[in-house]
Ligand code: HPA
């Protein structure tokens, strides 16, 4: 019996529901190539592009090899799953994610996260680059994501619900697991890395925000703004994963500095602090295995 059958009873229920049929098809395509059972699923955002070097990789699967899998169009975003170990902790890492602004349906954007859950991952570790809205933040800071605002993008749960994945009306009172938050604080402290904290807001992109939109986000209670992550948080929470997240503040959000924003600036800051980000993520994953 396949792992999907065992764990999620999807085979029968998925019948006739195109979203879940596609998920199952992708799952089967990966499961027939890979026996590895991950504990932690890691989404590598900007700044963690070289993270493969920190993983004792046992197998990779290119997104292209997975039939029906959404493949990113953003330059610099590699597209593959890495299976391996961070010290002794079995992980699956997504090197490259797809974004809503690329034109994918929300259910495709979150398909990889759902797939990693079906493969056995219990913890989802989300990372991203984000614009700093909180005036105390500086470019190059790291922010522990304590909560999220996803109200400006469609929920990935819209459409028929599959009860075996999660409930129709999904509780969102603790998307970011309190114990994992504490683990990240402890880990950062032990490495003497300053860890800011705050709420992440996802907007659709791909354009950056106007100064007025950034002021709106601040009024709504956001500390950092980006174009990913919160939708993944919803899908993973729906499936009962324990979630944690860190944003790399790659720039001050529009209107907080005189400079116009560019993808290049985002990439440059993310690359600059990348090694420190890698250190933090690695130590946190090792602590998750304890
Ligand atoms: N806005 C939205 N997304 C981002 C930003 C930003 O300023 N920086 C990195 N991703």
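If only residues of the stretch 49-65 that are in a helix (DSSP H, G or I) and out of contact with any strand residue (DSSP E or B) (no Cβ under 8 Å at 6 or more places or on another chain) are counted, the one that is surrounded by the most Cβ atoms within 10 Å (Cβ to Cβ) is 65. Taking the criterion of being touching a strand residue (DSSP E or B) at 6+ places or on another chain (Cβ under 7 Å), more than 10 Å from the ligand (Cβ to nearest atom) and not in a helix (DSSP H, G or I), the residues of the stretch 245-290 that qualify are 245, 246, 289.
Quick check: is even one residue across the stretch 131-141 within 16 Å of the ligand (Cβ to nearest atom), under 22 Å from residue 258 (Cα atoms) and not in a loop (DSSP other than H, G, I, E, B)? Yes, that holds for at least one residue.
Residues checked against (1) surrounded by fewer than 22 Cβ atoms within 10 Å (Cβ to Cβ); (2) free of Cβ contacts under 8 Å to residues at least 60 places away in the same chain; (3) under 26 Å from residue 38 (Cβ atoms); (4) under 16 Å from the mean Cα position of the chain (by Cα):
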residue: 224; (1), (2), (3), (4): no, no, no, yes
residue: 233; (1), (2), (3), (4): no, no, yes, yes
residue: 257; (1), (2), (3), (4): yes, yes, no, no
residue: 276; (1), (2), (3), (4): yes, no, yes, no
residue: 283; (1), (2), (3), (4): yes, no, yes, no
residue: 286; (1), (2), (3), (4): yes, no, yes, no
residue: 290; (1), (2), (3), (4): yes, yes, yes, no
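The residues on offer are 149, 123, and the sole one that is buried (at least 16 other Cβ atoms within 10 Å of the Cβ), within 16 Å of the ligand (Cβ to nearest atom) and under 23 Å from residue 248 (Cα atoms) is 149.
Residues in the stretch 205-244 that are more than 10 Å from the ligand (Cβ to nearest atom) and farther than 20 Å from residue 180 by Cβ: 210, 211, 212, 215, 216, 218, 219, 220, 221, 222.
Tell me whether the stretch 186-204 contains one or more residues that are away from the ligand (no atom under 15 Å from the Cβ), without any contact (Cβ under 8 Å) to a residue 40 or more places away in the chain and either closer than 30 Å to residue 282 by Cα or more than 16 Å from the chain's Cα centre (by Cα) (or both). Yes.
Read the figures in this text as sums done on the coordinates, not as results from a lab. Because the structure is a prediction, the values reported are computed rather than measured. In this analysis, Cβ positions are derived from the backbone assuming ideal geometry, glycine residues included, and neighbour counts consider all displayed protein chains.
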